[in-house]
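The values are calculated or read from the model by the stated rules, or taken from the named source; none is laboratory data. In this text, all values refer to a predicted model and were calculated from it rather than measured experimentally. Virtual Cβ from ideal backbone geometry, glycine too; neighbours counted across all protein chains shown. When the accessible area is computed, the model is the full protein with side chains, heavy atoms only, and any ligands, DNA or RNA have been set aside. Shrake-Rupley method; radii C 1.70, N 1.55, O 1.52, S 1.80 Å.
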Amino acid sequence: MNPEVRAVTASDVPDWLRARNTGFLQAPAVSEQEVANRLPHYDLERTRGVFDDGRCVATFRSFAHELTVVGGATVPSDAITNVSVSPTHRRRGLLSAMMAADLAVAKERGDVTATLIAAEYPIYGRYGFGPATWITEWEIDVPRAGLDPRWSGPSEADDGRIDLVDGADVRKLGPALHDRLRARQHGAVSRGDRWWQLRTGQDLPLPDKWTEPFYAVYRSSDGEVDGLLAYRVDGKWGDAKQPLNRVNVLDLIALTPAAERSLWHFVCSIDWVTTVRSGYRAPDDLLPLLLPDPRAARIVTQADWMWVRVLDVVRTLEARTYAVPAALTLEVHDPAGLSGGRFRLDASPAGASCAPTTRSADLALDVRELGTLCLGDESALRLAALGRIDELTPGAAAVADGVFRAARRAWCPDVF
């Protein structure tokens with residue numbers, strides 16, 4: 001039989017979850033409770049599967065979120081997740097069929113981009129996605145960091161304070177704090193109510209696997225919550241009864257340098273903790289240089305993170321601001337036929353206009369390279385040196401580099 005690609009029904013969800021678990025090398029068994037807990041939160045029209053002889057052998061799901069671009073504006077985006085193909089059905093074009101169906105609907109719906117977190121690097125470029133944000137994770141050797149162990153919060157010059165809170169507090173305080181963060185952090189994505197419920201142990205698909213983290217907030221001198229920290233601790237003691245505990249930071253968002261400094265100092269000052277894992281941060285995070293001895297923080301992970309697929313070139317380029325004024329004509333190749341064409345970009349720090357044009361192109365690039373450039377995190381000159389951008393007008397790559405690059409790195413704090 002030919003495999004059938006289609007949206008799933010409610011009765012398909014147990015089999016779909018089993019196939020998803022199989023693709024991600026997780027235990028395939030799915031309980032009735034998990035199905036009942038997940039089903040209300042799935043948009044079945046955006047949940048696709050491939051069925052062969054009645055059995056689900058590939059999975060794909062998307063949902064709506066907003067992506068912050070350079071300058072703080074947001075665009076509607078198609079967030080793709082739960083992509084899997086069973087090992088018995090690889091290399092048959094099943095992912096290509098599901099991806100084509102989803103992106104076509106997203107384009108028709110008016111989404112400006114599509115986004116995903118790539119489990120494997122080589123897969124998604126052929127669908128027009130490019131890596132647009134990167135992450136770095138540090139491990140801090142706390143005794144070497146040079147921090148004063150007697151001081152566990154804001155510095156003496158800082159009138160703020162740190163308070164421990166619980167999950168109910170986080171659900172109340174977190175959404176507004178994160179909205180303030182994503183208004184200034186390009187690469188960030190929106191977090192719905194479901195995100196906060198899952199991260200605080202409420203209404204979980206698998207409640208027996210939940211371990212309550214610790215939560216702390218930073219309040220400025222006027223009482224405003226400007227930072228939030230979530231962390232867990234690996235309890236470990238050495239043979240000589242010496243504490244060797246490690247803090248694993250799950251989430252740390254801060255709106256001011258004072259909040260960021262205070263939360264990192266706090267987490268590095270917890271009694272019995274000798275190591276801190278930072279979680280996935282922006283590559284230019286303040287963290288290492290906040291320490292008296294930055295060498296106490298060693299990089300343990302550095303990798304691509306969120307990938308972006310441009311669905312509407314005009315709206316993508318007009319949504320963001322630019323470092324310097326310039327005009328460029330871009331020839332964008334899109335083999336899928338969703339967003340290709342020739343476009344004139346007139347950019348400035350205050351905004352931009354973009355429209356189709358018949359002028360001669362200054363640069364030619366694939367839509368995946370436009371996805372890599374659109375959040376300001378990559379160098380057009382570097383892509384040109386790699387042969388991934390064709391410079392048709394001498395000096396155009398240098399102009400594009402100055403126009404597109406942002407002062408700080410893009411960062412997506414979330415996995416989806």
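Numbers for the structure displayed
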{"read-out": "Reciprocal mean inverse distance between Cα atoms of the chain - Kirkwood radius, Å", "value": "23.3 Å"}
{"read-out": "Alpha carbon Rg of the stretch 137-205, scaled by the compact-globule rule 2.2 N^0.38 Å", "value": "1.48"}
{"read-out": "Kyte-Doolittle mean at least -0.5 and Cα axial length at least 30 Å: DSSP H helices in the chain", "value": "none"}
{"read-out": "Centre separation in Å (Cα based) which lies between the stretch 277-349 and the stretch 11-27", "value": "33 Å"}
{"read-out": "Exposure of VAL105 as accessible area (Å², to 10), given a probe of 1.4 Å and all protein chains", "value": "60 Å²"}
{"read-out": "Contact order relative to length of the chain, as percent, for alpha carbon pairs under 8 angstrom and 6 or more apart", "value": "19 percent"}
{"read-out": "Length gained when the stretch ALA119-VAL415 is fully extended (0.36 nm per residue, less Cα-Cα span)", "value": "105.5 nm"}
{"read-out": "Pairwise FRET efficiency - SER360 versus ILE270, Cβ, R0 = 45 Å, nearest 0.05", "value": "0.15"}
{"read-out": "Of all accessible heavy-atom area on the chain, the percent that carbon and sulfur account for (1.4 Å)", "value": "51 percent"}
{"read-out": "Convex hull volume per residue in cubic angstrom - Cα atoms of the stretch 4-138", "value": "147 Å³"}
{"read-out": "Solvent-accessible ranking of SER379, SER152, largest area first, probe 1.4 Å", "value": "SER152, SER379"}
{"read-out": "Rough spin-label spacing in nm, given labels placed 7 Å along Cα→Cβ, for ARG408 and ARG232", "value": "2.9 nm"}
{"read-out": "For the stretch 332-349, Karplus couplings with θ = phi - 60° (6.51, -1.76, 1.60), whole Hz, Gly/Pro x", "value": "9, 8, 9, x, 7, x, 8, 8, x, x, 10, 9, 9, 10, 10, 10, 7, x"}
{"read-out": "Residues of the stretch 294-317 with amide N under 15 Å of a point placed 7 Å along Cα→Cβ from GLU139", "value": "296-302"}
{"read-out": "Cα-based convex hull, the stretch 1-67, per residue volume (Å³, whole number)", "value": "103 Å³"}
{"read-out": "The stretch 1-64 - percent relative contact order, Cα under 8 Å, separation 6 or more", "value": "44 percent"}
{"read-out": "Gain on full stretching of the segment that runs from ASP284 to ASP222 - 0.36 nm per residue minus C-alpha separation", "value": "19.4 nm"}
{"read-out": "Selection from ASN21, PRO207, PRO3 lying farthest towards where the dipole of the chain points positive, charges on Cβ", "value": "PRO3"}
{"read-out": "Difference of contour (0.36 nm per residue) and Cα-Cα distance, ALA64 to LYS241", "value": "58.7 nm"}
{"read-out": "Rg/Rg_globular for the stretch 102-162, with Rg_globular taken as 2.2 N^0.38 Å and Rg from C-alpha atoms", "value": "2.10"}
{"read-out": "Calculated FRET efficiency for the pair GLN26/ALA183, C-beta based, R₀ 35 Å, to 0.05", "value": "0.45"}
{"read-out": "Cβ-Cβ FRET estimate between GLU212 and SER353, R0 fixed at 41 Å, reported to 0.05", "value": "0.25"}
{"read-out": "Accessible area in square angstrom per residue, the chain, 1.4 angstrom probe", "value": "46 Å²"}
{"read-out": "Rounded to the nearest 10 Å², the accessible area of LEU363 at probe 1.4 Å", "value": "10 Å²"}
{"read-out": "Globularity ratio of the stretch 79-209, using Cα Rg and 2.2 N^0.38 Å", "value": "1.50"}
{"read-out": "The stretch 302-416: translational diffusion in µm²/s, Stokes-Einstein, Kirkwood Rh over Cα pairs, 4 °C, 1.567 mPa s", "value": "91 µm²/s"}
{"read-out": "For the stretch 1-150: relative contact order, % (alpha-carbon pairs under 8 angstrom, 6 or more apart)", "value": "20 percent"}
